[in-house]
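The structure under discussion appears below in the form of structure tokens.
The values are calculated or read from the model by the stated rules, or taken from the named source; none is laboratory data. Predicted model only: the values in this text are computed from it and were never measured. Note that each Cβ is placed from the backbone with ideal geometry, even for glycine, and that neighbours are counted across all protein chains shown.
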Amino acid sequence: MSSVIQTEHLTRRFGDLTALDQISLTVEQGEVFGLLGPNGAGKTTLVRLLNGMLAISGGSARVLGYDPASQGDQLRRHTGVLTETPSLYEQLSARENLIFFGTLYGVPEGDLSRRVDEVLDLFGLRERTANKAGEFSKGMKQRLALARTLVHEPELLFFDEPTAALDPEASRQVTDLIASLSRERGRTIFLCTHNLDEAQRLCDRVAVINRGKLLAVGTPAQLARDQFQGTWVEIALRTAPDGRLVTALQALPEVIQVSLDDQKLAVQINHDDVIPAVVVQVVELGGQIMRVNPREHSLEEIYFKVQEEAKA
Ligand SMILES: Nc1ncnc2c1ncn2[C@@H]1O[C@H](COP(=O)(O)OP(=O)(O)O)[C@@H](O)[C@H]1O
Ligand SMILES: [Mg+2]
């Protein structure tokens, strides 16, 4: 894998405020990378720095091999950026908007018409191509804005809170489109969001930031392991076991604690590797196992844990 984004100690100050504080991270080719954080965390600032839309105060960044600080114009021909408030020309038709932005991003004239039709199709806007953007619903405008980010076929896409202003239905459509851009078209996607369900559905790796500081980065599974000591396995039994079983399990190495609720055992362990030994012990003491379920931590649990730790 090769990195498409690398930052080292990337910093941006606005007067006395450090909006981004020494951010070092990498984004790999083809992944959906989520940047999670509350309002004011620094997400939009990072997107702007990475696209050369804002000057860097300290540290460095490389994006697709370019230095955004000095090669912003070249870089932006290879990135698609959906900003928080997408700027569309309301008086222009959907098609005219796309032609305009395609030209701006240097799509060769001979390719432009075909590209525009392709993205209009992709976003289900073909029937509305002649309508003015100003007449579109919010969801349609957002789809048009997404189409706009793709018209020059960028390899790297930045979506800054793409569903924040949408109702659940439009929001689901937009997330599905983002997923298909990643899965079917292999695009690298940098997604800023504070919608944790959306991040859970879309992201391969996530970074959590707050007040300009990077608090954690990794796959949701890695973060869960870092944040929560060990994992839990739930074991459902046919009949309630006697107390000896709990004592025996507690005595196993790598078992942190055991709780019993009627026919359901919950065992906290250091690693998943211990699950077979736990199962053997249960069986040896006469437990009739119906189900074994490792309990997964949701991104939401992880997110709040990371934010809590940072406060402590
Ligand atoms: N142009 C600017 N001038 C002054 N402060 C700014 C500017 N842009 C952003 N900030 C401040 O930087 C911090 C991070 O903002 P932002 O990157 O927009 O956060 P997010 O996108 O995560 O909500 C906030 O405190 C915000 O007020
Ligand atoms: Mg923002």
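Find the residue count for the stretch 158-177, including only residues that are surrounded by fewer than 23 Cβ atoms within 10 Å (Cβ to Cβ) and touching a Leu at 6+ places or on another chain (Cβ under 7 Å).
4
Out of the stretch 41-55, which residues are of a type outside the set (S, T, N, Q) and more than 12 Å from ligand 2 (Cβ to nearest atom)?
Start the filter on the stretch 41-55 by keeping residues that are of a type outside the set (S, T, N, Q), which leaves 41-43, 46-50, 52-55.
Passing the criteria: Leu49, Leu50, Gly52, Met53, Leu54, Ala55.
Among the residues of the stretch 245-257, is there at least one that is of a type in the set (Gly, Ala, Ser) and assigned to a strand (DSSP E or B)?
no
This table checks each residue for (1) of a type outside the set (A, V, I, L, M); (2) away from ligand 2 (no atom under 16 Å from the Cβ); (3) buried (at least 22 other Cβ atoms within 10 Å of the Cβ); (4) modelled with pLDDT under 95.
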{"site": "Val32", "(1), (2), (3), (4)": "no, yes, yes, no"}
{"site": "Asn39", "(1), (2), (3), (4)": "yes, no, no, yes"}
{"site": "Ser57", "(1), (2), (3), (4)": "yes, yes, no, no"}
{"site": "Val63", "(1), (2), (3), (4)": "no, yes, yes, no"}
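Residue-by-condition table, conditions (1) touching a Phe, Trp or Tyr at 6+ places or on another chain (Cβ under 7 Å); (2) at pLDDT 90 or above; (3) outside the structural domain of Glu198 (by TED's automatic domain parsing); (4) farther than 15 Å from Glu234 by Cβ:
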{"site": "His271", "(1), (2), (3), (4)": "no, no, yes, yes"}
{"site": "Val278", "(1), (2), (3), (4)": "no, yes, yes, no"}
{"site": "Glu284", "(1), (2), (3), (4)": "no, yes, yes, yes"}
{"site": "Ile289", "(1), (2), (3), (4)": "no, yes, yes, no"}
{"site": "Ile302", "(1), (2), (3), (4)": "no, yes, yes, yes"}
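For the stretch 190-242, which residues satisfy the criterion of being farther than 15 Å from Ala310 by Cβ, within 16 Å of ligand 2 (Cβ to nearest atom) and in contact with a Ser or Thr (Cβ under 6 Å, 6 or more places away or on another chain)?
Across the stretch 190-242, the qualifying residues are Glu198, Ala199.
Results for (1) modelled with pLDDT of 90 or more; (2) closer than 30 Å to Gln288 by Cα; (3) not basic (Lys, Arg), shown as yes or no for each residue.
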{"site": "Pro168", "(1), (2), (3)": "no, no, yes"}
{"site": "Ser180", "(1), (2), (3)": "yes, no, yes"}
{"site": "Thr188", "(1), (2), (3)": "yes, no, yes"}
{"site": "Leu215", "(1), (2), (3)": "yes, no, yes"}
{"site": "Gln229", "(1), (2), (3)": "no, yes, yes"}
{"site": "Thr239", "(1), (2), (3)": "yes, yes, yes"}
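Check Val107 against each of (1) touching a residue at least 60 places away in the same chain (Cβ under 8 Å); (2) in a loop (DSSP other than H, G, I, E, B) and name the one condition it does not meet.
Checking Val107 against (1) touching a residue at least 60 places away in the same chain (Cβ under 8 Å); (2) in a loop (DSSP other than H, G, I, E, B), the one that fails is (1).
Quick test for you: out of Arg172, Arg185, pick the one residue that is more than 16 Å from ligand 2 (Cβ to nearest atom), without any contact (Cβ under 8 Å) to a residue 12 or more places away in the chain, under 19 Å from Leu82 (Cβ atoms) and assigned to a loop (DSSP other than H, G, I, E, B).
Result of the check over Arg172, Arg185: Arg185.
Can you tell me which residue within the stretch 229-253, out of those that are within 29 Å of Ile302 (Cβ to Cβ) and free of Cβ contacts under 8 Å to residues at least 24 places away in the same chain, is farthest from the chain's Cα centre (by Cα)?
Here is the first cut: in the stretch 229-253, the ones within 29 Å of Ile302 (Cβ to Cβ) are 229-236, 246, 249-250, 252-253.
The next check asks that each one be free of Cβ contacts under 8 Å to residues at least 24 places away in the same chain; those that pass are 246, 250, 253.
Numbers: Val246: 40, Gln250: 38, Pro253: 36 Å.
Applying the filter and picking the extreme gives Val246.
Which residues, counting only those in the stretch 36-53, are out of contact with any Asp or Glu (no Cβ under 9 Å at 6 or more places or on another chain) and more than 8 Å from ligand 1 (Cβ to nearest atom)?
Matches in the stretch 36-53: Leu36, Leu49, Leu50, Asn51, Met53.
Within the stretch 112-123, can one find any residue that is surrounded by 14 or more Cβ atoms within 10 Å (Cβ to Cβ), under 27 Å from Ser2 (Cβ atoms) and of a type outside the set (D, E, K, R)?
The answer is yes; a qualifying residue exists.
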